[in-house]
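Let me begin by presenting the structure, written as structure tokens, before commenting on it.
The values are calculated or read from the model by the stated rules, or taken from the named source; none is laboratory data. Everything quoted here is computed from the prediction, not taken from an experiment. Cβ sites come from the backbone with ideal geometry, for glycine too, and all protein chains shown count toward neighbours.
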Amino acid sequence: MIRLSGITPSGHIQLGNHLGAIRRWAAEGGPEDLYFVSDMHGMTTTHNPARLRSLAAEQLAMLIASGIAPERVFVQSDIARELGALTWILECTCSYGEAARMIQFKEKSKGQAGVRLSLLTYPVLMAADILLQGAGEVPVGEDQRQHVELARALAKRFNGTYGDVFTMPKAVLPPSGARVKDLADPTRKMSKSARDEVGVVFVLDEPDQIRRKIRRAVTDGGTRPVFSPETRPGMANLLEILAACTGGKPEVLAEHFPSYGALKEAVAEAVIEELRPVREGTVALLADPAELDRVRKAGAARAAERGEHRLSSALRLIGGN
Ligand code: ATP
Ligand code: MG
């Protein structure tokens, strides 16, 4: 069973992406699993091409530095030809109404001028990402579940109408790990594309930047640390981060610290140590463009080859050559 997950280079990878997704991919990924940098998804709204390209390279390096086997990773645009062709085929099996019903499209297009057509059709590209590779399971958050359902509906329709080509994918919700919250506003989750970066710890931040951000984290009053996510979300967030980095339990950890200051210092040091190998590995890979390029080309070749027979069968079955 192939599992497939992607990450969009909409910003620098942050602590929540590391703890909630990438670290888990590296630890639990099966030998068949695939991870990709979905840079083409990052072109569906206003974007800066040079930044997108550099973020994609950075994210690829980080996936590898995080411990995911290099033969399991690739960059989406490196197989743009295959994906573009399959997207077209799948668009010919998808109704306009189905695409326009996607909640994310409705939300992101609401009140916007000049909405890109790709924002409407990108769930079909996502279906191509999944179906080209023959992925059976796609771990996604709630916000992407509807898109995986669409991929499933299109696979079923294609197989039923033209012939059996595609593996039926299903969305799997990852085990509910706590969401890392923004340090400056713990009512929001930490996000790589957040406009305000003061409350976001990036994996590539220098230790001193991390210390500064954590020292300034909102802790919602009170006198000493307690774990109470409802009434003290800022404090709970710090305790959950510490727990995720050290393996303890947030409610138990709370009792170890006489003051906020002591807790913040411990959180900062734990985060710095957790991220250090990833940051150092990423920086080293980025400093060796020849090696990164070699890995990247090999990953792309494998991803293209893996899907080649599905693409050519599907094209043939739908009436092309
Ligand atoms: P964007 O702002 O572009 O949506 P993001 O930081 O929310 O970026 P995604 O690309 O949406 O990141 O998600 C990548 C992966 O990281 C997903 O598996 C998602 O569940 C996980 N993830 C994102 N933010 C957090 C967070 N704050 N805590 C835990 N996991 C997270
Ligand atoms: Mg997100």
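Right, Tyr122: more than 28 Å from Leu19 (Cα to Cα) and either of a type in the set (Phe, Trp, Tyr) or not assigned by TED's automatic domain parsing to the domain that holds His309 (or both) or not? Judged against the criteria, Tyr122 is not a match.
Is it true that Ile214 is within 30 Å of Pro258 (Cβ to Cβ), crowded, with 19+ Cβ neighbours inside 10 Å, in contact (Cβ under 8 Å) with a residue 60 or more places away in the chain and away from ligand 2 (no atom under 16 Å from the Cβ)? Spelling it out, it is not the case that Ile214 is within 30 Å of Pro258 (Cβ to Cβ), crowded, with 19+ Cβ neighbours inside 10 Å, in contact (Cβ under 8 Å) with a residue 60 or more places away in the chain and away from ligand 2 (no atom under 16 Å from the Cβ). Look at (1) more than 16 Å from ligand 1 (Cβ to nearest atom); (2) within 24 Å of Tyr96 (Cα to Cα) and you find that Gly136 fails only one, number (2). Selection of first residues in region 219-231 that are within 12 Å of Pro186 (Cβ to Cβ) and in the same structural domain as Leu242 (by TED's automatic domain parsing) and of second residues that are surrounded by 13 or more Cβ atoms within 10 Å (Cβ to Cβ) and among the aromatic types (Phe, Trp, Tyr), restricted to Cβ pairs under 7 Å at least 6 apart or on distinct chains, gives the following pairs, ordered by first then second residue: Thr219/Tyr260. So, of the residues in region 163-182 that are within 11 Å of ligand 1 (Cβ to nearest atom) and among the aliphatic types (A, V, I, L, M), which turns out to be surrounded by the most Cβ atoms within 10 Å (Cβ to Cβ)? Result: Val180.
I'd like to know if region 284-291 contains one or more residues that are in contact (Cβ under 8 Å) with a residue 12 or more places away in the chain and among the charged types (D, E, K, R). Spell out how you get there, then give the answer.
Step one: filter region 284-291 for residues in contact (Cβ under 8 Å) with a residue 12 or more places away in the chain, giving 284-286.
Then drop every residue that is not among the charged types (D, E, K, R), which leaves none.
No, every residue in region 284-291 fails to be in contact (Cβ under 8 Å) with a residue 12 or more places away in the chain and among the charged types (D, E, K, R).
A Cβ distance below 6 Å, combined with a sequence gap of six or more or placement on separate chains, defines the contacts here; from region 294-316, residues that are in contact (Cβ under 8 Å) with a residue 24 or more places away in the chain reach residues that are of a type in the set (Asp, Glu) in the pairs Ala300/Asp78; Ala304/Glu82; Gly307/Glu82; Leu311/Glu82.
The single residue among Val200, Val267 that is within 16 Å of ligand 2 (Cβ to nearest atom), crowded, with 22+ Cβ neighbours inside 10 Å and closer than 15 Å to Lys181 by Cα turns out to be Val200.
Residues in region 1-39 that are in a loop (DSSP other than H, G, I, E, B) and under 21 Å from Ala127 (Cβ atoms): Met1, Ile2, Thr8, Pro9, Ser10, Glu32, Asp33, Ser38. One residue alone among Asp205, Asp220 is part of a loop (DSSP other than H, G, I, E, B) and at pLDDT 95 or above, and that residue is Asp205.
Results for (1) crowded, with 18+ Cβ neighbours inside 10 Å; (2) away from ligand 2 (no atom under 15 Å from the Cβ), shown as yes or no for each residue.
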residue: His12; (1), (2): yes, no
residue: His18; (1), (2): yes, no
residue: Arg24; (1), (2): no, yes
residue: Met40; (1), (2): yes, yes
residue: Thr44; (1), (2): yes, no
residue: Pro49; (1), (2): no, yes
residue: Glu58; (1), (2): yes, yes
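Residue pairs whose Cβ atoms lie under 8 Å apart, separated by 6 or more positions or on different chains, with the first residue in region 142-161 and within 15 Å of Ser5 (Cα to Cα) and the second aromatic (Phe, Trp, Tyr) and within 15 Å of ligand 2 (Cβ to nearest atom), do not occur.
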